[in-house]
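Below is one structure, written out as structure tokens; comments come after it.
The values are calculated or read from the model by the stated rules, or taken from the named source; none is laboratory data. Values in this document were obtained by computation on a predicted structure and should not be read as measured data. Positions of Cβ are generated from backbone atoms using ideal geometry, with glycine treated the same way; all protein chains shown enter the neighbour counts.
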Amino acid sequence: MRLGYYQLLVKPEHRWLTAFVTDFGTFSWTRMPFGSKCAANSFIQAVQQVLKPTQKFCDLYVDDLATFSSHWTAHLEHVRQFLTTMREAGLTLKLEKCDFHRPQVTFVGHIIGSGRHGVDPSKVACVESMKSPTTKKGSETAARFFHIFVLMLKILQVSQSLSLTLQKKVCPIRSCGQPHIKKPLKP
């Protein structure tokens, strides 16, 4: 999106909260300023509200937006609806950041396109190259790391294995193609 927060108006009764003093007087923002404590949350909620009619085929991550469809004809209609919704709300897009008529795009760590939605392989590479934890603390750290990605990656089994590791105080050593070996944890 172009100019992000500056596209949102601050309600007149809330402008006093954005006041600042200079040598030339006291001023307040009429548009949402960057750096305000609630600016990001307010911005995301406002854009989500605007895009509510298109939520079945649009994704939002802060100021990054994606429109996706299963078929080309449906996609053209979805893009039209998305652009119409944005125009009616008075929100503008930065043309340099827009990609139109692409079979696939990378969006917030995902590959979206051609009716598919999956994780970007380059983002998975770091997980695949991780060494197995050998200590309880290492297992706890890995468990927290995988907890973040459990919905995006198919690693529920690994997460459960780490949980069992913490309960039994044994560490499974596993790498691609090697059998499951249990080894006592170091304190």
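For segment 55-71, indicate whether the set of residues that are at pLDDT below 85 and over 22 Å from residue 118 (Cβ atoms) is non-empty.
Scanning segment 55-71 turns up at least one residue that is at pLDDT below 85 and over 22 Å from residue 118 (Cβ atoms).
From the list 74, 39, 19, 66, exactly one residue is in contact with an Asp or Glu (Cβ under 6 Å, 6 or more places away or on another chain) and more than 14 Å from residue 91 (Cβ to Cβ). Which is it?
Details: 74 fails: in contact with an Asp or Glu (Cβ under 6 Å, 6 or more places away or on another chain); 39 fails: in contact with an Asp or Glu (Cβ under 6 Å, 6 or more places away or on another chain); 19 fails: in contact with an Asp or Glu (Cβ under 6 Å, 6 or more places away or on another chain).
Exactly one residue qualifies, and that residue is 66.
Please work out if residue 47 is at pLDDT 85 or above and in contact with a strand residue (DSSP E or B) (Cβ under 8 Å, 6 or more places away or on another chain). Before the answer, list the steps.
On the way: at pLDDT 85 or above: no; in contact with a strand residue (DSSP E or B) (Cβ under 8 Å, 6 or more places away or on another chain): yes.
No; evaluated as a whole, the condition is false for this residue.
So residue 116 clears everything in (1) modelled with pLDDT of 70 or more; (2) loosely packed, with under 14 Cβ neighbours inside 10 Å; (3) within 30 Å of residue 43 (Cβ to Cβ) except one condition, right? Which one?
(1)
Of all residues in segment 131-153 being surrounded by 11 or more Cβ atoms within 10 Å (Cβ to Cβ) and part of a loop (DSSP other than H, G, I, E, B), which is modelled with the highest pLDDT? Working first, answer last.
Filtering segment 131-153 for residues surrounded by 11 or more Cβ atoms within 10 Å (Cβ to Cβ) gives 132-143, 145-147, 149-150, 152-153.
Still in the running and part of a loop (DSSP other than H, G, I, E, B): 132-134, 150, 152-153.
Details: 132: 83, 133: 83, 134: 86, 150: 60, 152: 55, 153: 51.
Restricting to residues being surrounded by 11 or more Cβ atoms within 10 Å (Cβ to Cβ) and part of a loop (DSSP other than H, G, I, E, B), the top hit is 134.
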